[in-house]
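Asker: This structure is in structure tokens; I'll ask about it shortly.
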Amino acid sequence: MKGKSSKKFETQAVRIQTERTQFLEHSTPMYLTSSFVFEDAEDMRASFAEEKDRNIYSRYSNPNSNEFVEKVCQMEGAEAGFAFASGMAAVFSTLAALLESGDHIISAGNIFGSTHTLFQNFFPKWNIGHSYFPIDDLDSVERLITPNTKVIYAESPTNPGVDIVDLEALGAIAKKHQLILIIDNCFASPYLQQPIQFGADLVIHSGTKLMDGQGRVLAGITVGHAALIDKVYRFARITGPALSPFNAWVLSKSLETLALRVDRHCENALRLAQFLEGHAKVNWVKYPFLKSHPQYQVAKKQMKAGGCVVAFEVKGGIKAGQTFFDAIRLLSLSANLGDSRSIVTHPASTTHSKLTKEERLVSGITDGMVRVSVGLEHVDDIIADINQALG
Ligand SMILES: *Cc1c(COP(=O)(O)O)cnc(C)c1O
């Protein structure tokens, strides 16, 4: 990384680019190559000894991945980063690189389902424990700290309840106790929120969501303090979760339009949330930039807009929920989010069906709850489809 640029977000998203080849191409080409060649024996020795900063093998680095990483570093205000094949590869590799047997994670209770399963079912194999704190009770975080605690982990907004965690308050706790604060910033994207400003040491994204934004590729990335990223890099270059150069190329192109797309996602989502708020067939609506959201003030402080996800509850419980889903015509019934196509999901019967009803309620997931990832179709058509399905 060359340090923080003074250029604006949108300009960097478009203009950060791999150095041109002798063909003077305008747009970055794809570097679909597994390895790179050396001038001579000395060049090769010095490269492997890391005396030179250059590409050796695409499991370590590749021009397309490097371009993607540099863009996200500038967007997040981070010193360094590493790109992964998926968001979960980023979550797992980052924590596996930093934690030792016996270490302890304090995590928000409302986290992505696979991250929860990683903490619950797999980390105990390596004697890595965790405790959950309720996101509306940050005082409880300090009470959960043990001598072995190393990491505080959270997402904001959360999935699927779009709750907001006060990043500044969490950053202060992490700093006071010298813990590593890791924020999964996937739901906000770097355009809406930069957790490093509020004290995060590392920021993780699933690039699969708003970053790609068109439902094509899986990707993940971790950015943050150079010393921590170096540990993540040392682990990843050996264990092999690297992002493919093709997907990195797709992602870097997608980031050129991130600001435009996310602005429209948020505009459409707010319009839908406002429409649903007065609807006779709806019990409640949750969206970070609705005044009725319990953490509206915190959302306003740390986010530029409310994001693409709206949660609401259909009146009449699980049966009414199923009738609603069967009546949907335009929107997709799918599990992804942050796509140009609007998507409706029923968390209780799909993404969170393996949890007990009580566990679901802790995360605010009721039987009739619907999660909408609001896309880029005309907002009138999105609202019309949801309205006819409710009727
Ligand atoms: C989707 C998602 C992930 C996992 O990302 P994949 O690219 O699907 O592996 C992690 N965290 C959050 C908040 C997500 O939405």
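The values are calculated or read from the model by the stated rules, or taken from the named source; none is laboratory data. Note that the coordinates shown come from a computational prediction; the quantities given were computed from them, not determined experimentally. Reconstructed Cβ throughout: ideal geometry from the backbone, glycine too, with neighbour counts over all protein chains shown.
Asker: Out of segment 218-260, which residues are buried (at least 20 other Cβ atoms within 10 Å of the Cβ) and part of a loop (DSSP other than H, G, I, E, B)?
Answerer: A219, P241, L243, listed by residue number.
Asker: Quick one: would you say A305 is in contact with a Pro (Cβ under 8 Å, 6 or more places away or on another chain), over 18 Å from Q214 (Cβ atoms) and crowded, with 18+ Cβ neighbours inside 10 Å?
Answerer: no
Asker: Follow-up. Please go through segment 328-344 and pick out each residue that is exposed (fewer than 14 other Cβ atoms within 10 Å of the Cβ) and away from the ligand (no atom under 16 Å from the Cβ).
Answerer: Passing the criteria: R329, L333.
Asker: For segment 209-217, state whether one or more residues are within 11 Å of the chain's Cα centre (by Cα), at pLDDT below 95 and within 12 Å of the ligand (Cβ to nearest atom).
Answerer: The answer is no, given that none of the residues of segment 209-217 is within 11 Å of the chain's Cα centre (by Cα), at pLDDT below 95 and within 12 Å of the ligand (Cβ to nearest atom).
Asker: Considering only segment 278-391, give the strands (runs of 3 or more DSSP E) lying wholly within it that have at least 2 residues that are in contact with a Cys (Cβ under 8 Å, 6 or more places away or on another chain).
Answerer: none
Asker: I'd like the residue in segment 86-109 that is closer than 20 Å to L179 by Cα and assigned to a loop (DSSP other than H, G, I, E, B) and, out of all such residues, is nearest to the ligand (Cβ to nearest atom).
Answerer: Going through the qualifying residues, I end up with G109.
Here is a yes/no grid of residues against (1) surrounded by 24 or more Cβ atoms within 10 Å (Cβ to Cβ); (2) under 26 Å from F84 (Cβ atoms); (3) within 15 Å of the ligand (Cβ to nearest atom):
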| position | (1), (2), (3) |
| --- | --- |
| D137 | no, no, no |
| R143 | no, no, no |
| P157 | yes, yes, yes |
| D184 | yes, yes, yes |
| Q194 | no, yes, no |
| G207 | yes, yes, yes |
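Asker: Determine whether I183 is without any contact (Cβ under 8 Å) to a residue 60 or more places away in the chain and in contact with a His (Cβ under 7 Å, 6 or more places away or on another chain).
Answerer: Against the criterion (without any contact (Cβ under 8 Å) to a residue 60 or more places away in the chain and in contact with a His (Cβ under 7 Å, 6 or more places away or on another chain)), I183 does not qualify.
Asker: Between residues in segment 44-58 that are of a type in the set (G, A, S) and residues that are in a helix (DSSP H, G or I), which pairs lie under 8 Å by C-beta distance while being six or more apart or on different chains?
Answerer: Short answer, once both residue conditions are applied: S58/S65; S58/P245.
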